[in-house]
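Participant: One structure coming up, written as structure tokens, with questions to follow.
Values quoted throughout were computed directly from the atomic coordinates according to the rules given, and no laboratory measurement underlies them. The shown structure was predicted, so the numbers you read here are calculated from the model rather than taken from an experiment. Cβ atoms come from the backbone with ideal geometry, glycine included; neighbour counts cover every protein chain shown.
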Amino acid sequence: MPADFVRTPAPRRTFLRHAAVAAAVPAAAALTGLDLASPARADTLPDFAPVPPSSLGPALNAAGYYVAPIADALHWVTDGSYQAMFLTTREGVMLVDAPPTLGHNLQRAIDDVTRPAGLPNRVTHLIHSHSHADHIGASGLFGGAERIGHAENRWLLRRAADPLRPAPDTVFEDHLVVEVGGERLELHYHGPNHAPDNIFVRAPRQRTLMVVDVVYPGWVPFTRLAVSQDVPGWIRAHDVALGYRWNTLVGGHLGRLGTRADAELQRQYVGDLRDSAKSALEGVDPTPFFAKYGPTGNSWAVFRTYLEAVAERAAGPVTAKYLGRLAAADVFTVDNAAAMLESLRIDSDVLGPFGVHA
Ligand SMILES: [Zn+2]
């Protein structure tokens, strides 16, 4: 581990426990840094830096959700981990995403808004941001709604054959305008990023953009660059998002809405991580890894230890720079660095010792 790597110091008991495991399974303990083997015990789990208060969202109600207007008829709802948004109209409700953790609270939130206004509470149109079950796994609760998604969304959901995630009735390739009762959402596709079917949903009149699993307002991205299937596409999605006009971002995760400053800060984090991963790939000396494992013929041990060393080296300065500015910089930056360096290797031909030699 490089000297500049920042990690919250482990309590002494945790350290001793690590030491005991390290003695028994030296490679595994040294590489993961954490001992999470079952049965887990809360008092031996690691500590992390406090979450900045500005990264947290509003308090939830007794049922476990928060719903509020974004601008006029456009609303958002969160349970602190997941988010959806909906537009109320005189003809019915347009809902974007149906996370299963929100589940039946989605209809309750819609009822909270529509009943006092005397508007219909039925979801007539349900837009899928992408196919992942954690964002649309409650889609099946909205029987009778017209489901809308990208063409790839239909293919993925037909393959999944999941009754909780019916395939969309209406699909599009590049863009689609959905107009209901005088309200309007614009759907745009810019190629694969986090998922092959992930789309950008604009509410132009409300100057709001919803794009899920790209920007995490106030937080570093979820592990391994949001477990993105196309990392170059995911990196580019930051530019695409910022290229649209909006003031409010619905990111699909965590407890609060986003601003353009949030998107710009995450773009900067990602850029810094890419630069740091590139220099770590070029700078970490592979000799010890080959010297140790080469003679045993264990190629995977060479790769694992070398790549983890590069990830730790890459993450160090980025964690230090963003700790206190983005929540959980000390939780996911090593994993994000690991995903970044794999993308640099296979998508951008930055292969370090595994490239073409002179
Ligand atoms: Zn996803």
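Participant: Quick check: the distance between the Cα centres of the stretch 198-219 and the stretch 279-323, to the nearest angstrom?
Facilitator: Taking the Cα centre of each part, the stretch 198-219 and the stretch 279-323 sit 36 Å apart.
Participant: Still on this structure, I have one more. Distance between Cα centroids, the stretch 47-63 to the stretch 75-106: provide it in whole Å.
Facilitator: Result: 20 Å between the Cα centres.
Participant: Please sort 51-59, 203-211, 159-167 by packing, taking for each peptide the average over its residues of neighbouring beta carbons within 10 angstrom, highest first.
Facilitator: 203-211, 159-167, 51-59
Participant: Could the peptides 115-128, 319-332 be put in order, highest first, of the mean number of other beta-carbon atoms found within 10 Å of their residues? Don't jump to the answer; show the numbers that get you there.
Facilitator: Values: 115-128: 18.0, 319-332: 20.5.
Descending mean neighbour count gives 319-332, 115-128.
Participant: Sort 78-90, 258-270, 342-354 by the packing proxy (mean of other Cβ within 10 Å over each peptide's residues), most packed first.
Facilitator: Ranking, from highest mean packing down: 78-90, 258-270, 342-354.
Participant: So in the chain, what percent of DSSP beta bridges are antiparallel if you round to the nearest 5?
Facilitator: 65 percent
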